[in-house]
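Asker: Can you keep this structure in mind? I'll have questions shortly.
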Amino acid sequence: MRRADDGAHRILGARSGKGVIDPDPRTLMGVLVAASITAFVGKSLEVELLLVLTASVLQALCGHVRMAVGFAVLYAALWAVLNVVLPGVGGVAATMFTISLTFARKIYLCLMVGTLLVRDNTVHRIASALAKLRVPQAVLIPLTVTMRYFPTLKEEAAHIRDAMALRDIPPASRLECFAVPLVMSATSTAEELSRAATCRGIENPAPSTDTERLSMRASDWAILSASAAAVAAVALWGGAV
């Protein structure tokens, strides 16, 4: 009986938590919106560092400790390059790299939260969360197809690279031998996704049922409240860059 109950929970979309908290996809979407707002608001380095550390703690609490450590180390390396390496190099190239890396530092928080959202949720969960948020079908359907399209295209690209390695393709012909099959595969993949969507009743005007059971817990509301408070605090007392 216990096995049957576990199977029923899996069918209904329940997940076994990997971390201390298991936030709803809508919660992470709200955090992503907050990160996007604070990304281009003037703030001091200390405030930016505090936000990055907070996002790392959130990743760790969700069970992605390696992700949290990796992003923290990468941010430290980015800061070192911007403030130690490039000022000592000088020149036009250093200026160009400084502009690019500064922009990367601006959106770094969005990258952290976005990576957590994608890693912690399947396309089905994200689509269900967007449907709960009353996102129009005209937006939801293309977005869902796009999210399913790129992983398939990435897998096809890996297969093409493996085939090229087995056949020992000359370096001068590698670009052509990679691009042509990839374009053909991309076309066929788009057609397959279109047929699959049609078979699943995407043209049916009636509302579809969903096995995903999403619910907002107290921890979700706490995270959203903290995100809203962080946006207000950065806007009011964030300081200058």
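Taken together, the values in this text are just the output of simple stated rules run on the coordinates, not laboratory data. Everything numeric here is computed off the predicted structure, so don't read it as measured data. Here Cβ is always computed from backbone atoms with ideal geometry, including for glycine, and neighbour counts include all displayed protein chains.
Asker: Counting residues in region 84-198 as N, plug N into 2.2 N^0.38 Å and put the Cα Rg over that result.
Answerer: 1.52
Asker: Moving on. I'd like the Karplus ³J(HN,Hα) series for region 19-33: coefficients 6.51, -1.76, 1.60, θ = phi - 60°, whole numbers in Hz, and an x wherever there's a Gly or Pro.
Answerer: x, 5, 10, 10, x, 5, x, 5, 5, 5, 5, x, 5, 5, 5
Asker: For the pair residue 222 and residue 154, what calculated FRET efficiency results from E = 1/(1 + (r/R0)^6), where r is the Cβ-Cβ distance and R0 = 35 Å, to the nearest 0.05?
Answerer: Calculated transfer efficiency: 0.50.
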